[in-house]
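The values are calculated or read from the model by the stated rules, or taken from the named source; none is laboratory data. Since the model is a prediction, treat every value here as computed from it, not as a measurement. Here the Cβ positions follow ideal geometry from the backbone for every residue, glycine too, while neighbour counts run over all protein chains shown.
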Amino acid sequence: MDTTTRGWINGFIGVLIFAGSLPATRVAVADIDPTLLTAARASIAALIAAAMLLVLRQPRPARTAVASLLVVALGVVVGFPLLTALALQHVSSAHSIVFLGLLPLSTALFGVLRGGERLRPAFWGFSLLGSASVAGYALLGGGAASLQGDLLMLAAVVVCGLGYAEGARLSRTLGGWQVISWALLLAMPLMVPLMWLRWPPTLATIGAPAWWSLAYVSVFSMLVGFMFWYRGLAQGGIAAVGQLQLLQPFFGLGLAALLLHEQVSWTMLAVTVCAVSCVAGARRFAR
């Protein structure tokens, strides 16, 4: 099996894991403050990452890698989890998942800017068309929309694309699981005090579904998923493997309907299909 094929397989596993993130976050924020949720998931994942780095005796990253690791931490450890948690107080997880159709474009843009990749003009044509369909849907207020929630989701997509591309670039030399582990440790001095400050007076109001959701986003969304995802992007190319995210809205919409009993309208599904089709077309022109 060649490196490119392994990259697609690792990327696909990462997408499957990430698909449960927004539905799980939606469940968690019903009982847990979004800021507390962001700090708690990062702190829990950081403790696991620290143990892995210690047991496997990983060397510290070079000083030249620290700035990139900070970008990863701000993008995927702090930015995306916090912004999506805030957004999910205003929109349903099914509505927010539609915005994931923009992630391939965001990742590709930063793959060019930070990863040095080159893409054909037709690639951008397909990607922009898909982005326009998603943005138009948000502006028309399809589903349980709100301007505040939509803007938060757009910001989340931007910082997430940056974190994906920067982490993938760094994974070429540092390793996929090492990148997310060190990024989590860099964010830990901020996340632990923040978790302490936002700790509720009582935990009695937090139900079992919220606790299980916290466990999922801490272990899988924040750590395990990135182990596969960063490795896949580094092996198969940021822009190319990044297009696997086109499958994530379908997986996420299915989970939202199955687990949360949220209504998935035909309009919402049609827009998702349109965005996914455009990104699939763009993939043909990635190189």
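Within region 217-235, the set of residues being farther than 16 Å from Ala46 by Cβ and out of contact with any Lys or Arg (no Cβ under 9 Å at 6 or more places or on another chain) comprises Phe228, Trp229, Tyr230.
Given the residues Leu74, Leu54, Leu100, Leu70, which is the only one that is at pLDDT below 90, out of contact with any His (no Cβ under 8 Å at 6 or more places or on another chain), part of a helix (DSSP H, G or I) and not charged (D, E, K, R)? Within the list Leu74, Leu54, Leu100, Leu70, the selection yields Leu100.
Condition first: free of Cβ contacts under 8 Å to residues at least 12 places away in the same chain and on the phi < 0 side of the Ramachandran plot. Can you find one or more residues in region 270-277 that meet it?
Of the residues in region 270-277, the ones free of Cβ contacts under 8 Å to residues at least 12 places away in the same chain are 270, 273.
Imposing the further condition that a residue be on the phi < 0 side of the Ramachandran plot reduces the set to 270, 273.
Within region 270-277, one or more residues are free of Cβ contacts under 8 Å to residues at least 12 places away in the same chain and on the phi < 0 side of the Ramachandran plot.
Looking only at region 37-47, decide whether some residue is aliphatic (A, V, I, L, M), within 14 Å of the chain's Cα centre (by Cα) and under 19 Å from Cys160 (Cα atoms). Yes. Being touching a residue at least 60 places away in the same chain (Cβ under 8 Å) and either surrounded by fewer than 23 Cβ atoms within 10 Å (Cβ to Cβ) or closer than 30 Å to Arg120 by Cβ (or both) is the requirement here; does Trp199 meet it? Yes. If you go through region 22-62 and keep only what is under 19 Å from Ala208 (Cα atoms), surrounded by fewer than 18 Cβ atoms within 10 Å (Cβ to Cβ) and among the hydrophobic types (A, V, I, L, M, F, W, C), you end up with just Ala30.
Matching residues to (1) over 20 Å from Ala187 (Cβ atoms); (2) modelled with pLDDT of 85 or more; (3) touching a Gly at 6+ places or on another chain (Cβ under 7 Å):
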site	(1), (2), (3)
Ala42	no, yes, no
Pro81	no, yes, no
Leu88	yes, no, no
Thr107	yes, yes, yes
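Just one of the listed residues (Ala135, Ala122) is assigned to a helix (DSSP H, G or I), touching a Phe, Trp or Tyr at 6+ places or on another chain (Cβ under 6 Å) and closer than 20 Å to Ala275 by Cα, and it is Ala122.
Residue check: Pro209 meets all listed conditions (1) touching a Gly at 6+ places or on another chain (Cβ under 9 Å); (2) surrounded by fewer than 16 Cβ atoms within 10 Å (Cβ to Cβ) but one, namely (1).
Could you tell me which of the residues Ala165, Ala240, Ala215, Ala155 is under 19 Å from the mean Cα position of the chain (by Cα) and modelled with pLDDT under 90?
Testing whether each residue is under 19 Å from the mean Cα position of the chain (by Cα) and modelled with pLDDT under 90 leaves just Ala240.
Here is a check on your reading of the model: is Val76 closer than 16 Å to Phe18 by Cβ and touching a residue at least 40 places away in the same chain (Cβ under 8 Å)? So Val76 fits the description; yes.
Of the set (1) out of contact with any Leu (no Cβ under 9 Å at 6 or more places or on another chain); (2) in a loop (DSSP other than H, G, I, E, B), all apply to Val91 but (1). Which one of these is surrounded by fewer than 21 Cβ atoms within 10 Å (Cβ to Cβ), out of contact with any strand residue (DSSP E or B) (no Cβ under 8 Å at 6 or more places or on another chain) and within 21 Å of Leu244 (Cβ to Cβ): Gly136, Gly163, Gly175? Within the list Gly136, Gly163, Gly175, the selection yields Gly175.
Note on region 59-111: residues that are out of contact with any helix residue (DSSP H, G or I) (no Cβ under 9 Å at 6 or more places or on another chain) and of a type in the set (Ser, Thr, Tyr) amount to 1.
Is it true that Ile44 is out of contact with any Asp or Glu (no Cβ under 7 Å at 6 or more places or on another chain), part of a helix (DSSP H, G or I) and closer than 29 Å to Gly237 by Cα? Write out each step before concluding.
On the way: out of contact with any Asp or Glu (no Cβ under 7 Å at 6 or more places or on another chain): yes; part of a helix (DSSP H, G or I): yes; closer than 29 Å to Gly237 by Cα: no.
Criteria not met by Ile44.
Taken over region 179-194, the criterion of being surrounded by 23 or more Cβ atoms within 10 Å (Cβ to Cβ) and under 12 Å from Ile48 (Cα atoms) is satisfied by Ile180, Ser181, Trp182, Leu184. When region 215-245 is filtered for residues that are aliphatic (A, V, I, L, M) and within 21 Å of Trp182 (Cα to Cα), the ones remaining, listed by number, are Ala215, Val217, Val219, Met222, Leu223, Val224, Met227, Leu233, Ala234, Ile238.
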